[in-house]
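Undergrad: This is the structure, below, for whatever I ask next.
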Amino acid sequence: QVQLVESGGGLVQAGGSLRLSCAASGRTFSNAVMGWFRQASGKDREFVASITWSGGNRDHADSVKGRFTISRYNGMLYLQMNSLKPEDTAVYYCASRSSRSALSRSPIDYTYWGQGTQVTVSS
């Protein structure tokens, strides 16, 4: 079993920055792919970014490309968020895909999820 705990969310003004962290514990050797998703109030869960550990391959959604950067190091998953916009406001979740090592943008492909951390960007 894998446990994921997010932190680093908060309130920030438009144009500001935040760094989200996700602590992974348990059977982390099975976490071939990890990702970040977000869910705004009244909307579906949306892909943000994903990363493979062994190959260092990364994928970012078009809506955040050039502003957000996913990284992974020493059992921790990170999301550096720069140039934040009000439309980035959402609960951000980290997730783990244990079944396969291919990058995916679909939340259904991810097995384990954290509890989420709130990011609010004011205008």
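Undergrad: So how much accessible area does E46 have, in Å² to the nearest 10, using a 1.4 Å probe?
TA: 70
Undergrad: In the chain, what percent of the accessible surface is made up of carbon and sulfur (1.4 Å probe, ligands and nucleic acids excluded)? Show your work: numbers first, answer last.
TA: Details: 2880 of 6380 Å².
Using a 1.4 Å probe with all protein chains present, the chain comes out at 45 percent carbon and sulfur.
Undergrad: Residue by residue through the stretch 113-123, which ³J(HN,Hα) values in whole Hz follow from phi under the Karplus form 6.51 cos²θ - 1.76 cosθ + 1.60 (θ = phi - 60°), with glycine and proline marked x?
TA: So the J values, rounded to whole Hz, are 9, x, 7, x, 9, 7, 10, 10, 10, 8, 7.
Undergrad: Now for a separate question. Pop a pseudo-label 7 angstrom from the Cα along the beta-carbon direction at both M76 and A14 and give the gap in nm to one decimal.
TA: That separation, rounded to one decimal, is 3.1 nm.
Undergrad: For Cα pairs less than 8 Å apart in space and 6+ apart in sequence, what is the mean separation divided by the residue count of the chain, i.e. the relative contact order in percent? Intermediate values should be presented prior to the final figure.
TA: Numbers: 310 pairs, mean separation 44.7, N = 123.
Result for the chain is 36 percent.
Undergrad: Roughly how much of D44 is accessible, in Å² to the nearest 10, using a 1.4 Å probe?
TA: Result for D44: roughly 130 Å² accessible.
Undergrad: Hey, another quick one. On full extension of the chain, what length is gained from T111 through S21, given 0.36 nm per residue of separation minus the C-alpha to C-alpha distance? Don't skip to the answer; put the middle values down first.
TA: On the way: separation 90, 0.36 × 90 = 32.40 nm, distance 1.86 nm.
That works out to 30.5 nm of additional length.
Undergrad: Expressed in nm to one decimal, what extension gain is obtained for the pair S7 and D44 from 0.36 nm per residue of sequence separation less their Cα-Cα distance?
TA: Numbers: separation 37, 0.36 × 37 = 13.32 nm, distance 2.14 nm.
That works out to 11.2 nm of additional length.
Undergrad: Taking only protein heavy atoms and a 1.4 Å probe, what accessible area per residue, in Å², does the chain have with all protein chains in place?
TA: Dividing the accessible area of the chain by its residue count gives 52 Å².
The values are calculated or read from the model by the stated rules, or taken from the named source; none is laboratory data. Quick caveat: nothing in here was measured; it's all calculated off a predicted structure. FYI the Cβ positions are ideal-geometry reconstructions off the backbone, even for glycines, and counts take in every protein chain you see. Note: accessible area is taken over every heavy atom of the protein model, side chains too, but ligands, DNA and RNA are not part of it. Shrake-Rupley method; radii C 1.70, N 1.55, O 1.52, S 1.80 Å.
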